[in-house]
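Novice: The structure follows.
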Number of protein chains: 2
Amino acid sequence: MTTTTPLAIDALRGRYAAAQRLQLDLDMTRGKPCPEQLDLAAGLLDGLGRDDYRAADGTDCRNYGLVDGLPEAKRFFADVLEVAPAEVIVGDNASLSLMYDVLSEAMHRGVPGSVRPWGREPAVRVLCPSPGYDRHFALCEHLGAEPVPVALDAAGPDLEEVSRLAADDPSIKAIFCVPRYSNPTGITYGADAVRQLARMKTAAPDFRVIWDNAYAVHHLYSDHEPLLPILAECRAAGHPDRPLLFTSTSKITLAGAGISAIAGSDGNLAWFRQSRGRRTIGPDKIAQLRHLRFLPDRAALDAHMRRHAAILRPKFEAVGEILERELGGTGLASWSAPRGGYFISLDVPEGCAARVVARAKAAGVKLTAAGATFPHGRDPRDRNIRIAPSFPPLAELRQATEILALSVLLVAAER
Amino acid sequence: MTTTTPLAIDALRGRYAAAQRLQLDLDMTRGKPCPEQLDLAAGLLDGLGRDDYRAADGTDCRNYGLVDGLPEAKRFFADVLEVAPAEVIVGDNASLSLMYDVLSEAMHRGVPGSVRPWGREPAVRVLCPSPGYDRHFALCEHLGAEPVPVALDAAGPDLEEVSRLAADDPSIKAIFCVPRYSNPTGITYGADAVRQLARMKTAAPDFRVIWDNAYAVHHLYSDHEPLLPILAECRAAGHPDRPLLFTSTSKITLAGAGISAIAGSDGNLAWFRQSRGRRTIGPDKIAQLRHLRFLPDRAALDAHMRRHAAILRPKFEAVGEILERELGGTGLASWSAPRGGYFISLDVPEGCAARVVARAKAAGVKLTAAGATFPHGRDPRDRNIRIAPSFPPLAELRQATEILALSVLLVAAER
């Protein structure tokens, strides 16, 4: 760790004051696509054409029905999630809603294998690899499940801890995973982690792996790490009902107007259909048809994601360069260099994250609240900051990252 | 009641056998719009145009956000539901989903005014005016609320019975109402019924009127009965949190790709937003924008509904004519002559509905299962049959209604 001379502190304060005088208003809070990315999906805003409302099997997509979604939409997501089309149910905008509904139903009536509704258990705990996705934690808390943080390492959750907790405590009912380009650390689960999740003994007979594969095809580079298919691994391990898979097109086409999917074993899908069929007469099949016309096959999807990468890669690399230039070798910070996804995770000295975020904010840079990447908004070491590079224009992103780095230096110097 | 001679029975059997020989396959099971109705919304399938993605306030509808929906979409539904725009939250396809979510959340954590979550009460009962909508009953049953049938009369539910049950039994937590063109009897709630629902004493401090105004603007004729605005009535009666209003465009634009709305007091909406904000980052705002471009104002909506009426009215009238011709004066049946909505309700002699439906089916006419219009699928008098005239082409509808009437005559004769 570098030592800071009074002279250096004065220099940092001078730079910070200069930044404040710019009266910036920069936002790096959320993983929103930028307008240029949304423009890539302009074809979705084109009309289907008045006579183009039939699915391949002749279904009139304008009318009621088909709780499972269109067969071709099931195929689309089956390919993304590496499962069979029959193992997919297609939903409307937002896979978060599907996860919410799954946990909600589990609380109401349990899942296949449950002895009783989760809501009738003395307690329900859900393992949350952290740093992780704040909306997962919020969903658990809202529905009365206690999110339990477990460490997230470079190749997945700390499986020793996960296995121990799951084996010992029957109130541990699930684990939330973002297996590829994890939010926010960007790691992808290694083969060992996936296999252990599939094989481990659990005290709860109805334990579920909530596999939120939000960034399944969201690569920044042409080479990308393999991810073992969780459903096949669980099936091979004799736990076919363990995983529930989720994904969506929110960060493929339009963040506010995508389609989503849940996948799992026949038993899990039959269970999910029971509530789905009570909740709706069918999903928005016209939205599905629009997506299929726009991304008719895997080649179209891959080409589309390369166009996203061409926009995002320079942003991610700019953040990395500036952090390296400003903080490299200081020993004050470490950060991720993800190969995909939407976030960069920055660790600052313990006890400093909240003050860094406050400093940045006072200089016009909004960051996700410190602690947000941990359950209950409490980072026990107060050191993790989530950087969302996707939305701001490159010039603003550079400016914001410089102010963030400056805030780290200043907070560290003032300790 | 007419008596039937052996000769007459033989004649009926001959006609029925002749109908069977036609090997028809006609479907009057569900209230689906017909293709000609869906064609009316062809403009929704036209593109927005690549540059038309901004709401009036500048919101980029392609991106995340706005859990409440677009301000102009709130205004659209506020007008339909006769509430203020601030009293509306706009949802995705299917208002049934909003009702499901409301009851689900009530079970999880109660509603404003609850002493505890409904799911922690010894029992939860929901009054269901019957004949009524089978999906309301199914939703209650699935979520662990017991649907309790109450009689539905020509001007609304039997308010004497409703008031007594609601006043005596704290487990009575809600009533499901289709206040305009009720499914299936087609009645509209009179002023007295609305006022009594608003004013009546309830043993449960958190009683809710689930106001499913699915057919709010679905008039078949230019003259239509007034319906008192339930929110204003409840507010005036000192029960602002009592009503929760629902509607959708499912039977305005596209049954499989509409938008929906929930409305209510500030307290109810704040409560609903808590779960909504955990479940989604925002609804499909592009779908909202498409609807607003297609139906920009009330005049456009009213003109559009007149086009629906022009298609539906001849179908409803054909069913009425045939029932009158075949069954009029026999004393065997009575049926509704609705001024809007989607259904005709047919009452046959007690104990005969299931057999009539079976007879019709054996002659190639599928009807909604007898009993479906009552909770648990059990019509205590086995006499109500729901006719859905919207979907079949007029010629088929005539044929199907003739076979239905013939089935009534035959079953009655064979008693």
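Novice: If you take each beta carbon of peptide B:243-249 and count the beta carbons of other chains within 10 angstrom, what is the mean?
Specialist: 0
Novice: Within straight cross-link reach of A:LYS315, meaning Cα distance under 16 Å, which aspartates and glutamates are found once same-chain residues fewer than 8 apart are removed?
Specialist: Straight-line reach from A:LYS315, under 16 Å: A:ASP27, A:GLU36, A:GLU324, A:GLU396, A:GLU402.
Novice: Taking a label point 7 Å from Cα toward Cβ, how far is B:ARG235 from its twins in the other copies, in nm, shortest first?
Specialist: Label-point distances to the other copies, shortest first: 5.6 nm.
Novice: How big is the shadow of the Cα convex hull of the range B:249-304, averaged over all directions, in nm²? Before the final figure, lay out the partial values.
Specialist: On the way: hull surface 19.0 nm².
Here the figure is 4.8 nm², rounded to one decimal.
Novice: Let me ask another. Semi-axes, largest first, in whole Å: what does sqrt of 5 times each Cα gyration tensor eigenvalue give for the range B:1-75?
Specialist: Ellipsoid half-lengths, sorted descending, are 57, 16, 10 Å.
Novice: For B:GLY282, which sequence-distant residues (separation of 5 or more, or a different chain) have an amide H within less than 5 Å of its own amide H, given hydrogens modelled in the peptide plane?
Specialist: Distant-sequence amide H within range of B:GLY282: B:GLY65.
Novice: Along Cα-to-Cβ, 7 Å out, sits the label point; list in nm, shortest first, how far the one on A:ALA358 is from those in the other copies.
Specialist: 7.7
Novice: Considering the rotational relationship between chains A and B, which residue of chain A contributes the beta-carbon of minimal distance to the axis, and what is that distance to the nearest Å?
Specialist: A:GLY47, 2
Novice: Carbon and sulfur together cover what percent of the accessible area of the protein assembly as shown at a 1.4 Å probe radius? Write out the running numbers ahead of the final one.
Specialist: On the way: 15330 of 29870 Å².
Answer for the protein assembly as shown: carbon and sulfur cover 51 percent of the accessible area.
Novice: Work out Dmax and Rg for the protein assembly as shown from the C-alpha atoms and quote the Rg first, both in angstrom.
Specialist: Values for the protein assembly as shown (Cα only, Rg and Dmax): 29.4, 115 Å.
Novice: Can you list the lysines whose alpha carbon sits under 29 Å from that of A:LYS74, skipping same-chain ones fewer than 8 residues off?
Specialist: A:LYS32, A:LYS173, A:LYS251, A:LYS285, B:LYS32, B:LYS251, B:LYS285
Novice: Once you've got the GNM for chain A with C-alpha springs shorter than 10 Å, pick whichever of A:ASP382, A:ASP92, A:ASP39 has the biggest mean-square fluctuation.
Specialist: Maximum among the listed residues: A:ASP39.
Novice: Tell me whether chain A comes out rounded, prolate or oblate; compute the Cα gyration tensor, take square roots of the eigenvalues as a ≥ b ≥ c, and use a/c under 1.5 as the rounded threshold. Display every interim value, and only then the final one.
Specialist: Working: a/c = 2.22, a/b = 1.40, b/c = 1.59.
Oblate, since a/c reaches 1.5 and b/c is not below a/b.
Novice: Could I ask something else about it? With the Cα gyration tensor of the range A:174-333 giving a ≥ b ≥ c as the square roots of its eigenvalues, does the rule (a/c under 1.5 for rounded; else a/b larger than b/c for prolate; else oblate) give rounded, prolate or oblate? Display every interim value, and only then the final one.
Specialist: Details: a/c = 2.29, a/b = 1.27, b/c = 1.81.
In terms of gyration-tensor shape, oblate.
Novice: Estimate the FRET efficiency between A:ALA237 and A:ASP169 by the formula 1/(1 + (r/R0)^6), using the beta-carbon distance for r and 22 Å for R0, to the nearest 0.05. The partial results should precede the final answer.
Specialist: Working: r = 20 Å, r/R0 = 0.92.
The calculated FRET efficiency here is 0.60.
Novice: Now a separate question. Name the shape class, rounded, prolate or oblate, that the alpha-carbon gyration tensor gives for the range A:306-408, where a ≥ b ≥ c are the square roots of its eigenvalues, rounded holds for a/c under 1.5, and otherwise prolate holds if a/b is larger than b/c and oblate otherwise.
Specialist: Working: a/c = 1.61, a/b = 1.43, b/c = 1.12.
Note, shape of the range A:306-408 comes out prolate.
Novice: Okay, moving on. Using only Cα atoms and rounding to the nearest 10 degrees, what angle (0 to 90) does helix A:159-168 make with the longest principal axis of chain A?
Specialist: That works out to roughly 50 degrees.
Novice: The range B:14-52: which trypsin sites (Lys or Arg not before Pro) are DSSP loop and have at most 16 other beta-carbon atoms within 10 angstrom? Before the final figure, lay out the partial values.
Specialist: Details: sites: B:ARG15, B:ARG21, B:ARG30, B:ARG50; in loops: B:ARG30, B:ARG50.
When the trypsin sites (Lys or Arg not before Pro) of the range B:14-52 are filtered for loop state and at most 16 Cβ neighbours within 10 Å, B:ARG50 remain.
Novice: Assigning unit charges at the beta carbon (Lys, Arg +1; Asp, Glu -1) and nothing else, what dipole magnitude in debye, to the nearest 20, does chain A show about its Cα centre? Show your work: numbers first, answer last.
Specialist: On the way: 49 positive and 50 negative charges, 125 e Å.
Charge dipole, chain A, about its Cα centre: 600 debye, nearest 20.
Novice: Per residue of B:104-116, what is the mean number of Cβ atoms on other protein chains within 10 angstrom of that residue's Cβ? Walk me through the intermediate numbers first.
Specialist: Details: counts 10, 3, 0, 4, 7, 3, 0, 0, 0, 0, 0, 0, 0.
For this peptide, the per-residue mean of nearby foreign Cβ atoms is 2.
Novice: Through the Karplus equation 6.51 cos²θ - 1.76 cosθ + 1.60, θ set to phi - 60°, convert the phi angles of the range A:117-123 into ³J(HN,Hα) values in whole Hz; use x for Gly and Pro.
Specialist: In residue order, the calculated couplings are x, 4, x, 9, 6, x, 7 Hz.
Novice: Highest GNM mean-square fluctuation, chain A, Cα pairs closer than 10 Å: which of A:GLN37, A:GLN23, A:GLN399?
Specialist: Fluctuation is largest for A:GLN23.
Novice: Right, something else. Per residue of the protein assembly as shown, what 222 nm ellipticity follows from adding -39500 (n - 2.57) for every DSSP H run with n ≥ 4, rounded to the nearest 500? If you can, show how the numbers build up before the last one.
Specialist: Values: 28 runs with 342 residues, N = 830.
Calculated from helices alone, the mean residue ellipticity at 222 nm is -13000 deg cm²/dmol.
Novice: For the range B:108-154, with equal point scatterers placed on the C-alpha atoms only and solvent neglected, what are the log10 I(q)/I(0) values from the Debye formula at q = 0.15, 0.24, 0.27, 0.28 1/Å, to two decimals?
Specialist: With one equal scatterer per Cα and no solvent, log10 I(q)/I(0) is -0.45, -0.87, -0.97, -1.00.
Novice: If you don't mind, another one. Probe radius 1.4 Å, ligands and nucleic acids left out: can you give me the accessible area buried at the A-B interface, summed over both chains, in Å² to the nearest hundred?
Specialist: Numbers: alone 17420 and 17430 Å², together 29870 Å².
Separately minus together, A and B give about 5000 Å² buried.
Novice: Compute the accessible area per residue over chain A, keeping the other protein chains in place, probe 1.4 Å, unit Å².
Specialist: Values: 14930 Å² over 415 residues.
Dividing the accessible area of chain A by its residue count gives 36 Å².
Novice: Further, regarding this structure: About its Cα centre, how strong a charge dipole does the range B:24-164 have in debye, to the nearest 20, once Lys and Arg get +1 and Asp and Glu get -1 at the Cβ? Provide the component values of the computation, followed by the final result.
Specialist: Values: 13 positive and 25 negative charges, 119 e Å.
In debye, rounded to 20, the range B:24-164 gives about 580.
Novice: Which cross-chain or sequence-distant (5 or more) residues have an amide H under 5 Å from the amide H of B:ARG208, H modelled 1.01 Å from N in plane?
Specialist: HN-HN under 5 Å from B:ARG208: B:ALA174, B:ILE175.
Novice: Can you give the direction-averaged projected area of the convex hull of the alpha-carbon atoms in the range B:362-415, in nm²? List each step's numbers first, then the result.
Specialist: Working: hull surface 17.1 nm².
In nm², the orientation-averaged hull projection of the range B:362-415 is 4.3.
Novice: Using Cα springs under 10 Å in a Gaussian network model of chain B, which residue among B:LYS74, B:LYS361, B:LYS285 shows the largest mean-square fluctuation?
Specialist: Of the options given, B:LYS361 has the highest mean-square fluctuation.
Novice: Further, regarding this structure: In the range B:85-99, what residues drop by 10 Å² or more in accessible surface going from the chain by itself to the full protein assembly, probe 1.4 Å?
Specialist: By number: B:ASP92, B:ASN93, B:ALA94, B:LEU96, B:SER97.
Novice: Please list the non-local residues whose amide H lies under 5 Å from the amide H of A:ASP27, H modeled 1.01 Å from N, same-chain partners needing a gap of 5 or more.
Specialist: Here the answer is A:LYS366, since their amide H atoms fall under 5 Å of that of A:ASP27.
Novice: Considering only C-alpha atoms, what is the centroid distance from the range B:277-347 to the range A:151-182, in Å?
Specialist: So the separation of the two Cα centres works out to 52 Å.
Novice: Continuing with the same structure: Treating the angle as unsigned and between 0 and 90°, give the value, to the nearest 10°, between the Cα long axis of helix A:298-327 and the longest Cα principal axis of chain A.
Specialist: 20 degrees
Novice: For B:LEU7, what accessible area in Å² do you get when you roll a 1.4 Å probe over the heavy atoms of the protein chains, rounding to the nearest 10?
Specialist: So the heavy atoms of B:LEU7 present about 140 Å² to solvent.
Novice: Which angle between 0 and 90 degrees, to the nearest 10, do you get for helix B:95-109 versus the longest principal axis of chain B when only C-alpha atoms count?
Specialist: Computed tilt is about 60 degrees.
Novice: Which of A:TYR64, A:LEU346, A:ALA255 sits closest to the plus end of the dipole of chain A, meaning its Cα is farthest towards the positive end, when Lys and Arg get +1 and Asp and Glu get -1 on the C-beta?
Specialist: In chain A, that residue is A:TYR64.
Novice: Further, regarding this structure: Tell me the relative contact order for chain A as a rounded percent, counting alpha carbon contacts under 8 Å between residues six or more apart. Walk me through the numbers before you get to the answer.
Specialist: Values: 816 pairs, mean separation 104.8, N = 415.
The normalised contact order for chain A reaches 25 percent.
Novice: Still on this model: Where in the range A:145-222 are there chymotrypsin sites (Phe, Trp or Tyr not before Pro) that are in a DSSP coil and have at most 16 other Cβ atoms within 10 angstrom of their Cβ?
Specialist: Working: sites: A:PHE176, A:TYR181, A:TYR189, A:PHE207, A:TRP211, A:TYR215, A:TYR221; in loops: A:TYR181, A:TYR189, A:PHE207, A:TYR215, A:TYR221.
Here the chymotrypsin sites (Phe, Trp or Tyr not before Pro) that fit, given the DSSP loop and packing criteria, are A:TYR221.
The values are calculated or read from the model by the stated rules, or taken from the named source; none is laboratory data. Predicted model, so just to flag it, every value in this text is computed and none were measured. Ideal geometry is used to build each Cβ from the backbone, glycine not excepted, and the neighbour counts take in all protein chains shown. Each accessible area value is taken on the protein alone, full model and side chains, heavy atoms only, with ligands, DNA and RNA left out. Shrake-Rupley method; radii C 1.70, N 1.55, O 1.52, S 1.80 Å.
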